[in-house]
Amino acid sequence: METLWFFRVSTLFMVFLVTLALNLDDNIVARLGFSANYGIIFVLAVVCTAFIAGRHAAIVAIAVIFSLNANMPLDFSLNLGFDRDLYAGLMAALVLQPLLTRVLE
């Protein structure tokens with residue numbers, strides 16, 4: 001059972017790491033004003049993985065899809081009809097929602 005959990009968390013971490021480092025010059029981290037640094041991307045992937053690792057598989061899949069859409073070039077997300085900052089906000093809401101729920105209770 002622990003092997004399955006470790007495989008799930010490591011796969012989720014690698015997916016977040018790849019989606020965040022996909023478009024290094026114009027991803028979420030660069031739009032927030034940070035430099036294109038792999039250390040920041042690594043820490044952000046660890047934080048996202050830690051917050052979402054225990055969630056339901058559908059929520060994890062939606063967060064990964066939003067992360068991928070938010071980090072793609074501008075033309076890709078505009079072809080889908082939404083701005084990529086909307087995808088980033090929805091992904092952040094999915095990742096941070098359990099933390100905010102625990103704090104406000």
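Since every read-out is calculated from the coordinates, none of them should be taken as a lab result. Note that the coordinates shown come from a computational prediction; the quantities given were computed from them, not determined experimentally. Quick reminder, even Gly has a Cβ in these numbers, built from the backbone with ideal geometry, and neighbours come from all protein chains shown.
Derived value for the chain: Kirkwood hydrodynamic radius 14.2 Å. Basis is the mean of 1/r over every pair of different alpha-carbon atoms. Projected label points at Thr101 and Asn79, each 7 Å from Cα along the beta carbon direction, are separated by 3.5 nanometres. The amide H of Asn23, built 1.01 Å from its N in the peptide plane, has no neighbour under 5 Å, considering only residues 5 or more places off or on other chains. So, R0 is 25 Å and r is the distance between the beta-carbons of Ile59 and Leu86; what FRET efficiency does that work out to, to 0.05? Plugging the Cβ-Cβ distance into 1/(1 + (r/R0)^6) gives 0.90.
Here the Karplus relation 6.51 cos²θ - 1.76 cosθ + 1.60, evaluated at θ = phi - 60°, turns the backbone of region 71-81 into coupling constants of 9, 6, x, 4, 4, 5, 6, 5, 5, 7, x Hz, with x for every Gly and Pro. Other residues whose C-beta falls under 15 angstrom from the C-beta of Leu74 contribute a net charge of -3, scoring Lys and Arg +1 and Asp and Glu -1.
Per-residue ellipticity at 222 nm, computed for the chain from helices alone with -39500 (n - 2.57) per DSSP H run of at least four residues, works out to -24500 deg cm²/dmol. Spacing of the modelled spin labels on Ala30 and Ala50, each 7 Å from Cα toward Cβ, amounts to 2.7 nm.
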